[in-house]
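Here the structure is laid out as structure tokens; the discussion comes afterwards.
The values are calculated or read from the model by the stated rules, or taken from the named source; none is laboratory data. Everything numeric in this text was worked out from a predicted model, so none of it was measured. Here the Cβ is made from the backbone with ideal geometry for all residues, glycine too, and neighbour counts use every protein chain on show. Surface areas here come from the heavy atoms of the whole protein model, side chains and all, with no ligands, DNA or RNA. Shrake-Rupley method; radii C 1.70, N 1.55, O 1.52, S 1.80 Å.
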Amino acid sequence: MEEASGPCLPLLTYHRELLVSTLTSIQCLLDNLLLNGFFCQEDVEIVQRIPTKPDKVRKVLELVQCKGEEACEFFIYIISKVCDAYRDLQPWLEEINFHPRGSVIGMEVVNSDPISRYSQKLRYEISRDTSFIMSYGQQEETQLEDLYTDTVMELLNDTNENLGFLDNLDQLLGDDAVFNPQGEIIYVMGDAGVGKSILLQKLANLWSKKELKTDALFFFKFRCRMFNIFKDAEQISLRNLLFKYNCYPDHDPDNEVFDYILRFPEKVVFTFDGYDEIQEDVDIMKIPEVVSPEDKANALQLLMSLLSGKLLKGSKKVMTARTGIEIQSRVLRKKVALRGFSPDHLKAYIDLHFREQEHRELVSVQLDASPHLCGLCSTPLFCWIVFKSFRHLQTMHDDFHLPDTCITLTNIFLLLCEVFLSRLASPAASSLRKGTRCTSETFRAGLRPLTAFSKLALQGLERRSLICSQEEISECGLTEEDLALGFLKPVSDYDPGRGPGSFEFIHTTLQSFLAAFALVLEEQAPTGTILKFFSECSWRQEPSCLPFTFCIGRPVNLSLSKPFSTNEHFLFTNLFLCGLLAKSQLGLMGHLVRSNLLRKKRAKLKSYLSTVVRSHMKGLPTYKGDDGTKVHVLPNFLWMVRCIFETGSKQIAQMTAKGITPYFIKLSYCNVYSGDCTALNFVLQHHRTLLRLDMDNNNISDYGVKQLRPSFSKMTVVRLYNNNITDVGAKLVAHIIEECPKLAVLKLGKNKITGVGGRYLALAIQKSTSIFDVGMWGNSIGDEGAEAFAKALRNHPTLTNLSLAANGITSRGGRILAEGLRENSVLRIFWLVENKLGDDAAQTFAELVRANTGLSHLWLINNMLTVVGIRRLAEALAVNTKLKEIW
Ligand SMILES: Nc1ncnc2c1ncn2[C@@H]1O[C@H](COP(=O)(O)OP(=O)(O)OP(=O)(O)O)[C@@H](O)[C@H]1O
């Protein structure tokens, strides 16, 4: 062990001046000197009786030096051990090159320094307060660590241009992307439910566990809405604001903690959550300054002075607010916009939410299946609601088998309302005991605000506006307290005609949902009023079959989207109306609406749907296609099917299915998502006769195939070109081929099927006695798939057309295919264009041509054949009598 640089006693004399001016935490020194027998009680009392700090230090030094060399060394040892308290003297220790001797090392040193004790107390309390996520409804808690998932944190400059992304929370406090070094505020903004509060909670939690890369000793958390509770005339000191509303320092008679904070503000982190919740109309730059930390002031003044750096300049301040709250750039240091979960984050969140791999997969499939859900789930709050509803289903149905369970959008939005309304439970009750209220009770208790919000939403749609003014809000009977429920958010980019203080629903889709709710709740208007928006989007006015976009998952941004440029809001309102009046919702709605009125409304809707479906099906335009008469069914048919699915009415589904003629159902380029396949199947499964279905160029994916499987059994033609189908879907299609005795045409081009899927399909095709046309263009079945198809082709009884074009098949696969085909006398048209066939394959194909099997069209262009291969084929042609085309 290295020895101290020299005797300690003279060191204390030599550096006496520095020690007198710098040493703090004298009590800690006294405690340790007493504990180890260097001081007696009387010595301690002598020091304590001295009024000023420098004199106290002088006395301690004098006493220590009197006690001898070991006492002096122990004195310095304390300073080295309790470094938090004697931070200013650490450089001095280095200067004197202090290394304790053996005898001192064994002695106990306790940290009774108020600063480090306070820091520890803060860490303990913050850790306790931040370890759980309290859900919006405040009815359940989850360990933060078990659920926290990163979100997309985009760094912006003062003009909101991208400066990159934060990789982790350490960087939040750091100097990356600081656009204004003089600014004090790290500003985090985002939409409702995007995770602003959770981000601050995580930050605090990391700090409490010393896992945040910062040397900050203190962390003070404030919810901005707290500042509303102070009366205008109420005066408070900065000290009280910090300690009373966070954590009080114990045993700090000399006010050392606060003094320390004033001296070292850079050792403090503040978080101010929800700046938008401050009720006063404040402007940081205009509020009267508080410059002296000792003066009492109005709490809001203190807040503003902290934020602007007039008080505790240099402390780190993270403030959150909902999108749209504008703060002058000169007080901002950096800006972070929270963008919610990316697909990868979402995946991570699924893994945290669901412990069982099987459940994770089921949920992922469900989300992939429905872009409505996926879009919604990029906002963590909505994601939590959706997952909560999945969980709900899991507990309701013992075996958690989501694809068979029908979750309608109405279910999701009902759950969202339930979560918001459950905020009405008294905080005292909810903070102590877990919620025991059931759904209908929550809705009944929240009926007044729910009715008012619904009315507001409906009036907005009637006015074709997504924005509501303060007056409109008050006219609907909504109070300030109601606004806190979360249905509305302040408008970011308000309509110039309306002025500030305007609000919008947190989602346009929520507005449609609530508007539908208003139609159901309304007691005075004639029953037929519920149908008012159906006339806005008649299913008969068929525009072109163009892809359309959903508004779910896309919060309103008036500067980007033109509201009501489409009729989506009305379509969604109708959809939700069907959902709310569904039989499955009778139990809940019966608590909110008189039962005879509810019955009448249901009957009205059902009879309307039946009539309209009947006439829609009759009036569908037909046109002659290449392969027979087709019914050209357009996107509005899809909306009709979606509505029928929401009603859950088997009767209407049957009626619709009956109305489908045995023609082609053409749904190509209709933006059919996999989630829609559930709705389509709900109707098509009731169709009795054979069907031909064209769903080319949609996005039904494997999940959609699965959803449609029951309906496929009646299909003779299935076209699923370009639908994002992988080997998983190919396996399902293979089953369908086997189950489907009349399937004749199967088009699976431009999907994502590899050799594995190719094998499943080929095997099923091999067994089929009905199939005659198979299109696989643009997959990647390769030689593995080609080999399987070669087997299927041998003596196949019905297959006349096959395309394996653009599938990465090399000469080896080509040779095997040509050999297989020599034992086939049925195939007429064979496409192998855009593969990797070389001259060695050409030789085998020449032999096939020579064999004169009956093949009439053979397409080989865009392969790797040279003149040599072509010559071989040309020679073979001389003895072939059946080929009409060879390319
Ligand atoms: N990063 C996250 N990881 C996991 N869950 C999250 C995350 N962020 C948010 N959540 C979930 O979303 C809910 C809402 O988040 P939070 O309260 O932080 O939103 P907010 O942006 O502060 O909303 P508001 O503006 O309404 O106050 C949380 O209760 C939690 O269930």
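The criterion of being modelled with pLDDT under 85 and on the phi > 0 side of the Ramachandran plot does not hold for GLY137.
Considering each residue of the stretch 426-483, count those that are at pLDDT 90 or above and of a type in the set (Asp, Glu), and give that number. Summing the residues that are at pLDDT 90 or above and of a type in the set (Asp, Glu) in the stretch 426-483 gives 2.
With respect to (1) assigned by TED's automatic domain parsing to the domain that holds LEU172; (2) in contact with an Asp or Glu (Cβ under 6 Å, 6 or more places away or on another chain); (3) touching a residue at least 60 places away in the same chain (Cβ under 8 Å), the lone exception for PHE132 is condition (3).
Of the residues screened, LEU708 is not one that is surrounded by fewer than 24 Cβ atoms within 10 Å (Cβ to Cβ) and assigned to a helix (DSSP H, G or I).
Would you mind stating whether ARG87 is out of contact with any strand residue (DSSP E or B) (no Cβ under 7 Å at 6 or more places or on another chain), closer than 30 Å to GLU418 by Cβ, open to solvent by 60 Å² or more (accessible area, probe 1.4 Å) and not assigned by TED's automatic domain parsing to the domain that holds PHE382? Spell out how you get there, then give the answer.
Working: out of contact with any strand residue (DSSP E or B) (no Cβ under 7 Å at 6 or more places or on another chain): yes; closer than 30 Å to GLU418 by Cβ: no; open to solvent by 60 Å² or more (accessible area, probe 1.4 Å): yes; not assigned by TED's automatic domain parsing to the domain that holds PHE382: yes.
For ARG87, the condition - out of contact with any strand residue (DSSP E or B) (no Cβ under 7 Å at 6 or more places or on another chain), closer than 30 Å to GLU418 by Cβ, open to solvent by 60 Å² or more (accessible area, probe 1.4 Å) and not assigned by TED's automatic domain parsing to the domain that holds PHE382 - is not met.
Residue selection: GLN65 fails the criterion of being free of Cβ contacts under 8 Å to residues at least 12 places away in the same chain, open to solvent by 30 Å² or more (accessible area, probe 1.4 Å), touching a Cys at 6+ places or on another chain (Cβ under 7 Å) and outside the structural domain of TYR245 (by TED's automatic domain parsing).
Restricting attention to the stretch 305-345, the residues that are of a type in the set (A, V, I, L, M), within 15 Å of the chain's Cα centre (by Cα) and crowded, with 20+ Cβ neighbours inside 10 Å add up to 1.
Residues of the stretch 254-263 that are in contact (Cβ under 8 Å) with a residue 40 or more places away in the chain and either within 42 Å of the chain's Cα centre (by Cα) or over 16 Å from GLU294 (Cα atoms) (or both): VAL257, TYR260, ILE261, LEU262. Determine, yes or no, whether THR410 is away from the ligand (no atom under 13 Å from the Cβ) and at pLDDT below 80. No.
For GLU108, are the conditions met, namely being open to solvent by 80 Å² or more (accessible area, probe 1.4 Å) and outside the structural domain of LYS202 (by TED's automatic domain parsing)? Steps first, please.
Details: open to solvent by 80 Å² or more (accessible area, probe 1.4 Å): yes; outside the structural domain of LYS202 (by TED's automatic domain parsing): yes.
Criteria met by GLU108.
Residue count for the stretch 1-45, restricted to those that are β-branched (Val, Ile, Thr) and surrounded by fewer than 17 Cβ atoms within 10 Å (Cβ to Cβ): 3.
Name the residue, out of ARG58, ARG117, that is more than 30 Å from ASN246 (Cβ to Cβ), out of contact with any Gly (no Cβ under 9 Å at 6 or more places or on another chain), open to solvent by 50 Å² or more (accessible area, probe 1.4 Å) and among the basic types (Lys, Arg).
Working: ARG117 fails: more than 30 Å from ASN246 (Cβ to Cβ).
Residue meeting the stated conditions: ARG58.
Output the helices (runs of 4 or more DSSP H) that fall wholly within the stretch 1-93 and possess 3 or more residues being among the acidic types (Asp, Glu), or say none. Give the steps one after another, and end with the answer.
Details: elements: 8-14, 16-22, 26-35, 41-49, 53-67, 69-81.
Hits in the stretch 1-93: 41-49, 69-81.
Within the stretch 572-597, the residues that satisfy the criterion of being crowded, with 18+ Cβ neighbours inside 10 Å and of a type outside the set (A, V, I, L, M, F, W, C) are THR573, ASN574, GLY579, GLN585. Please determine whether any residue of the stretch 842-859 is among the small types (Gly, Ala, Ser), at pLDDT 90 or above and under 20 Å from PHE772 (Cα atoms). Within the stretch 842-859, not a single residue is among the small types (Gly, Ala, Ser), at pLDDT 90 or above and under 20 Å from PHE772 (Cα atoms).
Filtering the stretch 344-371 to residues that are within 16 Å of the ligand (Cβ to nearest atom) and in contact (Cβ under 8 Å) with a residue 24 or more places away in the chain leaves HIS345, LEU346, ALA348, TYR349, ILE350, LEU352, HIS353, PHE354, VAL363.
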